[in-house]
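What follows is a short report on a single structure.
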Amino acid sequence: MEARLNMFTNPVATKFAKHIVSANKVLAESTLPVATQELVKLRASQINGCGFCTDMHSKDAAHAGETAQRLHLVAAWREATVFTEAERAALELAEQGTRIADAAGGVTDEAWADAAKHYDEEQLAALVCTIALINAFNRGNVIVQQPAGDYQPGQFA
């Protein structure tokens, strides 16, 4: 399988990627736990059918010490007992923020209030931006059909 467009060599795509990757660095420096960021990125990528990002974020999370059990259960987090209440709130916000078109009202007040119980304002901002950013990455990769499976942790650092 080959991508429809080489996002790694195309001048416009690489210039764009440089900017959104720098946005990701801001989020990595935030106080939102790295584990939460990776779980959210993985869940949004699963929902969006982005194989490239699903591969990347499952590997990055494992490399950072995430357990295989938790990674395998991200898609079924509601029925899993291995996530904290804070992580569950973040995953719910990520799902609703990713599935905006599926709900007429967008993200519910309940989902927002639950996240706000667990995260301070800086962390909430980082969580919202993480959800928005991963959705942007997912859409680009899905559009060009970026192949998945070859990512190595730290490859784009």
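The values are calculated or read from the model by the stated rules, or taken from the named source; none is laboratory data. This is a predicted model, so every value here is computed, not measured. FYI the Cβ positions are ideal-geometry reconstructions off the backbone, even for glycines, and counts take in every protein chain you see. We work out accessible area using only protein heavy atoms, side chains counted, and drop any ligands, DNA or RNA first. Shrake-Rupley method; radii C 1.70, N 1.55, O 1.52, S 1.80 Å.
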#### Entry: Conditions (1) in contact (Cβ under 8 Å) with a residue 60 or more places away in the chain; (2) at positive phi: number failed by Leu27
(2)
### Summary
Thr81 fails exactly one of (1) open to solvent by 50 Å² or more (accessible area, probe 1.4 Å); (2) modelled with pLDDT of 95 or more; (3) closer than 16 Å to Arg43 by Cβ, namely (3)
### Failed item in (1) part of a helix (DSSP H, G or I); (2) free of Cβ contacts under 8 Å to residues at least 40 places away in the same chain; (3) not charged (D, E, K, R), with Thr36 passing the rest
(2)
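For the stretch 45-108, which fully contained helices (runs of 4 or more DSSP H) count at least 3 residues that are within 23 Å of Val128 (Cβ to Cβ) and of a type in the set (Asp, Glu)? Show your work before the answer.
On the way: elements: 51-63, 68-73, 85-98.
The qualifying helices (runs of 4 or more DSSP H) are 85-98.
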### Query
Does the stretch 134-147 contain any residue that is in a loop (DSSP other than H, G, I, E, B), open to solvent by 60 Å² or more (accessible area, probe 1.4 Å) and either more than 21 Å from Ala13 (Cα to Cα) or not hydrophobic (A, V, I, L, M, F, W, C) (or both)?
yes
### Task
Please give the number of the condition Ala23 fails out of (1) closer than 21 Å to Ala132 by Cβ; (2) open to solvent by less than 50 Å² (accessible area, probe 1.4 Å); (3) at pLDDT 95 or above; (4) under 14 Å from the mean Cα position of the chain (by Cα).
(3)
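With Thr31, Thr9 as the choices, which residue is surrounded by fewer than 18 Cβ atoms within 10 Å (Cβ to Cβ), among the polar types (S, T, N, Q) and touching a helix residue (DSSP H, G or I) at 6+ places or on another chain (Cβ under 6 Å)? Step through it out loud before you land on a result.
Numbers: Thr9 fails: touching a helix residue (DSSP H, G or I) at 6+ places or on another chain (Cβ under 6 Å).
From the options Thr31, Thr9, the qualifying one is Thr31.
With respect to Ala64, determine if the residue is hydrophobic (A, V, I, L, M, F, W, C) and open to solvent by 30 Å² or more (accessible area, probe 1.4 Å). Break it down into steps so the answer makes sense when it comes.
Details: hydrophobic (A, V, I, L, M, F, W, C): yes; open to solvent by 30 Å² or more (accessible area, probe 1.4 Å): yes.
Against the criterion (hydrophobic (A, V, I, L, M, F, W, C) and open to solvent by 30 Å² or more (accessible area, probe 1.4 Å)), Ala64 qualifies.
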